[in-house]
Amino acid sequence: MTIPMTVEGATALRDELQHRKFELRQEISRALAAAREHGDLRENAEYHAAKEQQGFNEGRIEEIESKLANAQVIDVTRIPPAGKVIFGATVTLLSISGDGTDSTRYKIVGEDEADLKEGKISVMSPIARALIAKSIGDAVLVSTPGGEVEFEIVDVEHI
């Protein structure tokens with residue numbers, strides 16, 4: 001199964017993988033060696049904590065490698081803008097449900113990249129699913145936990 005990912009998302013995963021493989025592994029190895037010097041490993045909390053951290057790190061390395069192996073990296077800046085909402089596009093919305101002055105911008109990204117504080121929403125989110133393949137000027141009805149909200153697509157950017 002391919003996982004859609006932006007260029008920025010793939011770069012962030014590669015950076016994390018490098019950090020975990022070459023820096024964090026070394027730190028954990030040093031912590032294990034230091035903990036072994038304290039004697040009996042059965043009752044050594046530092047040793048057990050380091051082993052747990054090692055297991056978590058190795059698991060995350062495997063997870064990242066798998067995601068990168070299955071990634072379909074999409075560089076939206078190489079796709080000519082056609083006014084349609086696609087994966088990787090930044091969409092400006094105007095709330096029709098309210099007073100019509102509430103504007104919001106979202107970038108549609110892969111699941112692992114989503115961060116609402118940065119205005120990045122997952123392609124699997126209800127808002128993104130409602131927006132995909134729509135065009136500038138279209139009205140979109142989105143089901144949210146607070147009820148249905150209607151938006152107008154004001155702009156679609158490939159940035």
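With an 8 Å cut-off on Cα pairs and a minimum separation of 6 or more residues, tell me the relative contact order of the chain in percent.
24 percent
Rounded if a/c is under 1.5, else prolate if a/b is larger than b/c, else oblate: which is the stretch 47-116, with a ≥ b ≥ c the root eigenvalues of its Cα gyration tensor?
oblate
Suppose each label sits 7 Å from its Cα in the direction of the beta carbon; what would the Lys51-Ser143 distance come out to in nanometres?
Reported label-point gap for Lys51 and Ser143 is 4.8 nm.
Given an 8 Å cut-off on Cα distances and at least 6 residues of separation, report the relative contact order of the stretch 15-89 as a percent.
Working: 32 pairs, mean separation 21.2, N = 75.
Normalised by residue count, the contact order of the stretch 15-89 is 28 percent.
Select from Asn57, Ser135, Ile108 the residue farthest towards the positive end of the dipole of the stretch 1-135; place +1 on Cβ of Lys and Arg, -1 on Cβ of Asp and Glu, and compute about the Cα centre.
Ser135
Provide the per residue accessible area, probe 1.4 Å, for the chain, rounded to a whole number of square angstrom. Walk me through the numbers on the way to the answer.
Details: 9630 Å² over 159 residues.
With the other protein chains kept in place, the chain gives 61 Å² per residue.
At what distance in nm do the modelled label points of Ser29 and Glu62 sit from each other, each positioned 7 Å from its Cα along Cα→Cβ?
Output for this residue pair reads 2.0 nm.
When you count, for each residue, the other Cβ atoms within 10 Å and take the mean per peptide, how do 122-130, 71-79 rank with the highest first?
Working: 122-130: 17.1, 71-79: 14.6.
Those peptides, ordered most packed to least, come out 122-130, 71-79.
Report which label in [x] 41, 37, 24; [y] 40, 39, 31; [z] 69, 36, 25 holds the value of Cα extents along the principal axes in Å derived from the coordinates of this structure.
Among [x] 41, 37, 24; [y] 40, 39, 31; [z] 69, 36, 25, the one derived from this structure is [z].
Can you compute the FRET efficiency between Ala82 and Asp15 using 1/(1 + (r/R0)^6), with r the Cβ-Cβ distance and R0 = 35 Å? Round to the nearest 0.05.
0.65
Taking H as built 1.01 Å from N, whose amide H comes closer than 5 Å to the amide H of Val154, not counting residues under 5 places away?
Those lying under 5 Å, H to H, from Val154 are Thr92, Leu93, Leu94, Gly137.
Using a cut-off of 17 Å between alpha-carbon atoms, which lysines can reach Lys67, once sequence neighbours fewer than 8 places away in the same chain are excluded?
Straight-line reach from Lys67, under 17 Å: Lys21.
Mind checking which of Leu94, Leu13, Ser125 is farthest towards the positive end of the chain's charge dipole, using Cβ charges of +1 (Lys, Arg) and -1 (Asp, Glu) about the Cα centre?
Towards the positive end, the residue furthest out is Leu13.
Going toward the positive end of the dipole of the chain, with +1 on Lys and Arg Cβ and -1 on Asp and Glu Cβ, which of Ser66, Gly83, Ala33 do you reach last?
Value: Ser66.
Rounded to a whole number, what % of the accessible area of the stretch 1-64 do carbon and sulfur atoms account for, probe 1.4 Å?
Solvent-exposed carbon and sulfur of the stretch 1-64 make up 52 percent of the total.
Rounded to the nearest 20 Debye, what is the dipole magnitude of the stretch 1-142 about its Cα centre when Lys and Arg each give +1 and Asp and Glu each give -1 at the C-beta?
For this selection, approximately 480 debye.
The values are calculated or read from the model by the stated rules, or taken from the named source; none is laboratory data. Every value quoted in this text rests on a predicted model; they were computed, and no experiment measured them. Don't worry about glycine lacking a Cβ; one is built from the backbone with ideal geometry, like all the others, and counts go over all protein chains shown. To get the accessible areas, we keep the full protein, side chains included, count just its heavy atoms, and leave off ligands, DNA and RNA. Shrake-Rupley method; radii C 1.70, N 1.55, O 1.52, S 1.80 Å.
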